[in-house]
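A short reminder: the numbers here are calculations on the coordinates, not readings from a lab. The model shown is predicted, which means the values in this text are computed figures rather than measured ones. Please note: Cβ atoms are built from the backbone with ideal geometry, for glycine as well, and neighbour counts cover all protein chains shown.
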Amino acid sequence: MASQVTFIGAGNMAGAIIGGMIDSGYLRDAITATSPSDEMLAPMREKYGIHTATDNAAAVAEADVVVLAVKPQIMQDVCAGMRDAIQARKPLIVSVAAGLPAETLEAWLGGELAVVRCMPNTPSLVGAGAAGLYANAKVSDTQRDLATELLEAAGLVEWVDDEGLLEAVTAVSGSAPAYFFLMFEAMEEAGVSLGLPADTARRLAMQTAFGAARMAMDSDKTPGELKRNVMSPGGTTERAISHLEDAGMRRIVAEAMDACAARAREMA
Ligand code: NAD
């Protein structure tokens, strides 16, 4: 029998995970999503055919997994409102909220709970997410497998064994879609300077990023080897790559990711 999963919050992130679960065949009847107003819930019912509720405490009463998918600023109040119901049931807690440590969530929900913290990213909205997961010591192997199954429905899942590493995950994947969007903007602008129409440059840049990612994922070769394979001596690619290396591309990326991880630490 499928585990009963209740999503607290029915916004973008909850929708992304629920959509993925349904696409991968998870039983609709075992999924509930909550929100204070029915306005957010009606589309969830229509699109996914899942259960919905406006009362968080009632919705977790029979849950095996409770996914916390509300904004971090309101999390403490939301936890307080369902603390007794959570303590009566002791489900696995999975949080997708940025910056809230497992220990804090556990304390807000009354203590002694199995908590998985997840750092997802926005491509999970199109089923191509990348998420880092951390489990506290109370999470069983079965619960870990269940969390993997739920989150894998929205993309790649990688476990880290130290909660602090979620800050590195934030730098490598959580915030990283925006790095690539910046690259697309820069490539489009440069393509226009070289005479291409903007939409042509944009489509070519995006398809090339998609193709490069696909090729790297399907290949046994390292990204460095794949890069060298397209760099014939004295050719066009070698000229472009030399320019990027000489201009400090690696240092700039490292500094940006250090700044990202430092900000994640400040917010924790
Ligand atoms: P969102 O605003 O789309 O959704 C939040 C939902 O919470 C809404 O459906 C709202 O109705 C509901 N809500 C508000 N008060 C509630 C309450 N008292 N009880 C139950 N539900 C309530 O937000 P989102 O983008 O889905 O973000 C949700 C969480 O996911 C956040 O903690 C965020 O840090 C995390 N996250 C989001 C992204 C992202 O790309 N969107 C990435 C990483 C992490």
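Values computed for the structure shown
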{"quantity": "The stretch 177-268: GluC sites (Glu not before Pro) in DSSP coil with no more than 13 other Cβ atoms inside 10 Å", "calculated": "none"}
{"quantity": "Convex hull (Cα only) mean projected area of the stretch 180-220, reported in nm² to one decimal", "calculated": "2.9"}
{"quantity": "Of Pro120, Pro36, Pro91, the one that fluctuates the most in a GNM where the chain has Cα springs shorter than 10 Å", "calculated": "Pro36"}
{"quantity": "At R0 = 41 Å, FRET efficiency that the Cβ-Cβ distance of Ala137 and Arg239 yields, to 0.05", "calculated": "0.20"}
{"quantity": "Mean Cα-pair separation over length for the chain, i.e. relative contact order, pairs under 8 Å, 6 or more apart, %", "calculated": "14"}
{"quantity": "Residue of Thr236, Thr208, Thr148 that the Gaussian network model of the chain assigns the largest fluctuation, springs spanning Cα pairs under 10 Å", "calculated": "Thr236"}
{"quantity": "Additional length obtainable on full extension of the chain from Ala58 to Ala256, 0.36 nm per residue less Cα span", "calculated": "66.9 nm"}
{"quantity": "Extension gain (nm, one decimal) between Val230 and Ala178, 0.36 nm per residue minus Cα-Cα", "calculated": "16.1 nm"}
{"quantity": "In nm, spacing of pseudo-spin labels at Arg45 and Asp246 (7 Å Cα→C-beta vector)", "calculated": "6.5"}
{"quantity": "Using alpha-carbon coordinates, inclination of helix 198-218 to the longest axis of the chain, degrees", "calculated": "70"}
{"quantity": "DSSP-loop GluC sites (Glu not before Pro) across the stretch 82-170, with at most 14 other Cβ within 10 angstrom", "calculated": "Glu112"}
{"quantity": "Candidates Leu133, Leu194, Leu105: whichever shows maximal mean-square fluctuation once the chain is modelled as a Gaussian network with Cα springs under 10 Å", "calculated": "Leu194"}
{"quantity": "Residue order, fewest to most surrounding Cβ atoms within 10 angstrom, among Val160, Val169", "calculated": "Val160, Val169"}
{"quantity": "Cα gyration tensor shape for the stretch 76-179, rounded if a/c is under 1.5, else prolate or oblate", "calculated": "prolate"}
{"quantity": "Phe180, Phe210 arranged by Cβ crowding within 10 Å, fewest neighbours leading", "calculated": "Phe210, Phe180"}
{"quantity": "Cα gyration tensor shape for the stretch 224-268, rounded if a/c is under 1.5, else prolate or oblate", "calculated": "prolate"}
{"quantity": "Under the Karplus curve 6.51 cos²θ - 1.76 cosθ + 1.60, θ = phi - 60°, whole-Hz ³J(HN,Hα) for the stretch 79-89, x wherever Gly or Pro sits", "calculated": "5, 4, x, 10, 4, 5, 5, 5, 5, 5, 10"}
{"quantity": "Residue list for the stretch 82-121, given a label point 7 angstrom along the Cα-to-Cβ vector of Arg265 and an amide N cut-off under 20 Å", "calculated": "98-104, 119"}
{"quantity": "Radius of gyration and maximum dimension Dmax of the chain, Cα, Å", "calculated": "21.4, 69"}
{"quantity": "DSSP-defined antiparallel bridges as percent of all bridges, the chain, nearest 5", "calculated": "15"}
{"quantity": "Helix-only CD estimate at 222 nm, as mean residue ellipticity for the chain, using -39500 (n - 2.57) per DSSP H run (n ≥ 4)", "calculated": "-17000 deg cm²/dmol"}
{"quantity": "The stretch 98-245 pair-distance distribution - Cα-Cα, 5 Å bins, rounded %", "calculated": "2, 8, 12, 15, 17, 13, 10, 8, 6, 5, 3, 1, 0, 0"}
{"quantity": "Degrees, to the nearest 10: 249-267 long Cα axis against longest axis of the chain", "calculated": "20"}
{"quantity": "Cα shape, the stretch 144-186, gyration tensor, a/c 1.5 rule", "calculated": "oblate"}
